[in-house]
Structures are given as structure tokens and as C-alpha cells.
1. Does GLY62 count as surrounded by 23 or more Cβ atoms within 10 Å (Cβ to Cβ) and within 30 Å of MET172 (Cα to Cα)?
2. Among the residues of region 309-329, write down those that are more than 17 Å from THR349 (Cα to Cα) and away from the ligand (no atom under 16 Å from the Cβ).
3. Within region 10-68, count every residue that is of a type in the set (A, V, I, L, M) and within 12 Å of the ligand (Cβ to nearest atom).
4. Being of a type in the set (D, E, K, R), away from the ligand (no atom under 16 Å from the Cβ) and more than 26 Å from GLY192 (Cα to Cα) is the filter here, so list the residues in region 262-297 that pass it.
5. Scan region 107-118 for residues that are more than 16 Å from the ligand (Cβ to nearest atom), buried (at least 22 other Cβ atoms within 10 Å of the Cβ) and either of a type in the set (Ser, Thr, Tyr) or within 25 Å of the chain's Cα centre (by Cα) (or both) and report the count.
6. Among the residues in region 229-248, are any hydrophobic (A, V, I, L, M, F, W, C), within 23 Å of GLU8 (Cα to Cα), modelled with pLDDT of 95 or more and within 16 Å of the ligand (Cβ to nearest atom)?
7. So which residues in region 79-106 are farther than 17 Å from LEU160 by Cβ, within 16 Å of the ligand (Cβ to nearest atom) and in contact with a Ser or Thr (Cβ under 8 Å, 6 or more places away or on another chain), if there are any at all?
8. Would you call GLN399 in a helix (DSSP H, G or I), among the polar types (S, T, N, Q) and either touching an Asp or Glu at 6+ places or on another chain (Cβ under 9 Å) or within 16 Å of the ligand (Cβ to nearest atom) (or both)?
Amino acid sequence: MDNNWYKELVVYQIWCRSFKDGDGDGIGDLHGVLEKLDYIQSLGATAIWFSPIYPSPNADYGYDIADYKDINPEYGDLKLFRKILNEAHKRGMKVIMDLVVNHTSDEHQWFIEGKKSKDNPYHDYYFWRDGKGDNPPNNWLSTFEGGAWEYDENLDQYYLHVFSKKQPDLNMDNPKVREEVKDIMRFWLDMGVDGFREDVITFISKAEGLPNGFPLPIATGIEHYKKGPHVHEYLKEFRHDVIDKYDCFVVGESPMSNSQDCLEFTAGDDHELDMMIGFDHMEADCFMTDTIHMPFSLKKLKKAFTHWQDDLAGKAWNCLYIENHDHPRIVSRYGSEKYHDESAKMLATMCYMQSGTPFIYQGQEIGMTNITLDSIDQFKDVVTFNNERLFKKLGLSDQRYLKIANKTSRENARTPVQWDSSENAGFSTAEPWFNVNPNYTQINVASQEEDPNSVLNYYRKLIKFRQSHKVAIYGDYKEHLKNSSQLYVYERNLDGERLLVVSSFTDKSVKFTAPEGFDLSKGELVLTNYTISPTQGTSFVTRPYETRVYYFK
Ligand code: GLC
């Protein structure tokens, strides 16, 4: 089955709780999604990825699933979901679901059953182990915070959770668990969904015997499951038994993987995943995780992108993203709130003119920014609270931690979408479940609809250009001026068509000279974030966060 169509998609990610409230309870829902399908289509998006919308106690806002075959009643029901699926398909948009099978919620029926006794058939769906004396079975720490084992008095055993203790890890070595996963996949594919975004999918196989890990302040033991011994085998099994039988695609999230790891999963005829969500390019202003903040380095960003572009070329396919529900807003990180529109447009161009499938996160298309909260109680995310304990142990004051949380927390991406300048940003008629960013009066969809030069309309133009020019989708990639710490320059080539993409990451003026072979006066300036008179010769001086795409034929 030739289902390479995923290469030409533009995916729009919905994190439902903050997207649009359609029933007036302050929580985003599927009624809101239905209302906004035309809007999503108007962007040029051809697919929607739903972050988890299943029943969940929301310990990790849906990434702790209590029932894989239903819809969270806060968001709607299966009937409404089917309607959305149908309406999306009518508009030529695919729909993919988030498949979270590294772990379930501790409120999932399998866990509730398995906890009843050691010989319950569901007991072996999870990693239950005896302690070592008074200690847990090994020294692993959760990737969120604290030990990775939770003690259960009734069973006098511990269960493994590499995320929060409300997210027990599934034992994928149990063939019954793998059958359950396939069953869940078939359930949604039979309904008509077009694929999955697979959550931390490369973590699903744990090393035999669960040996102690190298001691780290957080995530000790990760080397024993970050690419475990059976991960390829299990993913091949899912692919062979289910995915290959449907016209669908899968994109897997893989923290701590580099481009070479990615090839193991995505290259070759028998590839397990169609694309991988890597993290390298999301670490240009931090170390390993957003929480350990560092000054932004353009060189680091370019190196990360170029590694993935070069290494995957002709062998695998990139997933292009700069935002999702797990990272602070990109304008506030790699761009400039002062040069808001310019930098929002530049960042989109820099990313989505590369080779791969664009993924756009709700609100990104209007350049939503980070929020500043006044106290830690206003935050909502388990990770923020876990980090608070961690940083306090290291002696940090409340005020200093608040500063860190404001800069680095995932909540920055989870404020309600700013639809207009009315109360609650037009997100809801009731008080929203989480703070609206006070800048909604300046940054919102309605005002950007009106303005032909808005960030929103730029995204539309960019997507349209991409979708109508094969060179933007399939062209090869070559980076120039690698040593520049201010400009990111690359070209794309396909059958005599060429693109030259120049992006400035500074508010300073920088003299740019085109690489050999490019006469700018012969190129068509197809995208830019400034008004520019025709370019003469081979050089120009950039304005703050300027971006230009020249097209040559
Ligand atoms: C993924 C999700 C993130 C979640 C974690 C645990 O990284 O994107 O939101 O907290 O997995 O499921």
C-alpha cells in the first residue's frame, strides 16, 4: 500500500482542554473543535492530531488514560467524535489520535484489577516487583521526579512508573498487553482515524531483570528503557499486524534520540514509524530539558536541524515542529516578544521550509507567547510541582523557582487559545479552567483575520506556498553560513527549482551575501516578513528577525 501521503500533510495539533469551549463550562471540548474545523481548514492544514481526549483523571492532562476506547465526558462522547471525524474527512483533513501505551492511568481497569492480587490475570500487565529489604526493587528514578517505584501495602509489592505515580508502566513483554495495544489501534482505525502519534513509544521495552541504573538526579535507569532490547521487535509487530493493514501513518515521540536513532525506527522498507518527534532542536536554549535554561544558541539550533535534515535525506522523513503542548512558546524562546510578528513569521519560515511534514500547535499560528504567573499555586502541571520539590531540595527560594517556572514550564503552551478580544479571549463564556494570557487583547485570531499582514495570514501564505511547490516538500537541503551565530541560511533543490531561505535571529543589522550561484535579482521573493523593494545583486542588510524566501526556476 502506497501511503506516503503523510509527507504532504500539514498537521494541526489540538490540546483540547485549551482549544475552544463549546458548552460553556470553562473547559475546551469537542463542541469547540467542531465549531473551529473551518478555521483549521482555512489555515491549509490537512490533518489534525488530537492530544489524548480519552477518559482520564488528568494527573497528566490526558496522558494518563483510564479508558482507551471512549471520549472524556468533559470533552464530549464517541458520537460527537465520529461527527468530527466525518466532518474533518469531508474537508479533506486526516485525523490522528494520541496513542499512549507506555503507561496507563492507575485508574484504568487493568491496573485496578491487577492490584487486587498477585494472581489476578491483569497483575502481569504492569511491572510489579518485590522490594529489596526496605528498599524498592532497583534505584530507578522517575523522569518527572522522585523514585520510579510506588509501594502497595496490600500486595506488599512495588509497581514501576517512569512518569508520575498515577502513570504505571505497562509490561509490554506480556503478549497479552501487546494484543491489547493492537486491539486499541484497530478500534480507532476501524472507526476511520488515519493514524497515531505514539507517546514516548521508544520507552516501551525495559531491560531484562530491570538492573540498577547509573545514578543521576532524575531519571536514573533511563539507559535501560530509552531504547530497550525489544522495542524494534514490538513496533514491527504492531506495524505488521495492524498498521500495514490500514491506509494510515504513525509518528512516534522519542525523547533523547538523535538522528541516527531515528533512522533505526524510520528508515528502510520495513520501517516501524513513518516519522519521529525528536527533541534535539528544542534544546537550543536549555540542557536536556526545558527546565535547565541556558542562553539561546543559534549554532546549536542549526546543528540540530541540519543533522536531522542531512542524516534522514533520502532514507527517512522528518517531522517539523517548533511547538507542542510540552514546551514553552517559541516566540518567547527563540524569537522576540518585542519583535513579535517579525520573529513569529521568521520562525515559521525557518522551520517549515525544511524537508519534512509540518506540525503546528494550536495558537502558534497567531504567535501566542509565554504567560507570567504570580505564584506557583496558579500552575497546573505535575511537572511544575515535581520540579518545585526538586529545586527546593537544591536550596532555591520560592521566588527564584517561580521565575524558572514562568520561563520553562509546559503551562506556557497550555493557556486557552486567544480567539478574540472579548472576555476570556472568546475561549469560553465561563471562567476558563486555566489563566488566559493577558495579552489576548493584542494577540488574537479575530484581529489577525482582519489584517493581511498578520502572523496568521503569513502562516496561510507559507502553507499555501509549500503545498503548491514540490521543491518545498521534496527538495534536498543544504545549509550555508554554518558559522554565523545570527543568520540561518539554507537552500532546497528539486529538478531545477531552487529555494534560498534566509532567516535572521537578531534585532541587529547583518550583512548577508548570497552563496555562490545565487543572483537574488533573478529570484522571486515569495515569502518575507517585511516590505521589500526588488533585490539587486547578491547581498542585503537584514532588519530585525527578517526572513526571506527566494524562489528560482
Ligand atoms: C509525552 C507527552 C507528555 C507526557 C509524557 C508522559 O512526552 O507529550 O505530555 O507528560 O509523554 O505521557
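1. Considered against the rule, which asks whether it is surrounded by 23 or more Cβ atoms within 10 Å (Cβ to Cβ) and within 30 Å of MET172 (Cα to Cα), GLY62 comes out as yes.
2. Result: ASP310, ASP311, LEU312, ALA313, GLY314, LYS315, ALA316, TRP317.
3. Of the residues in that region, 2 qualify.
4. Narrowing region 262-297 to residues of a type in the set (D, E, K, R): 264, 269-270, 272, 274, 280, 283, 285, 290.
Cutting the leftovers down to away from the ligand (no atom under 16 Å from the Cβ) gives us 264, 269-270, 272, 274, 285.
Listed by number, the residues that qualify are GLU264, ASP285.
5. 0
6. no
7. Answer for region 79-106, where residues must be farther than 17 Å from LEU160 by Cβ, within 16 Å of the ligand (Cβ to nearest atom) and in contact with a Ser or Thr (Cβ under 8 Å, 6 or more places away or on another chain): just ASP98.
8. no
The values are calculated or read from the model by the stated rules, or taken from the named source; none is laboratory data. What you see is a predicted model, and the numbers here were worked out from it, not measured in a lab. Glycine also receives a Cβ, built like all others from the backbone with ideal geometry; neighbour counts cover every protein chain displayed.
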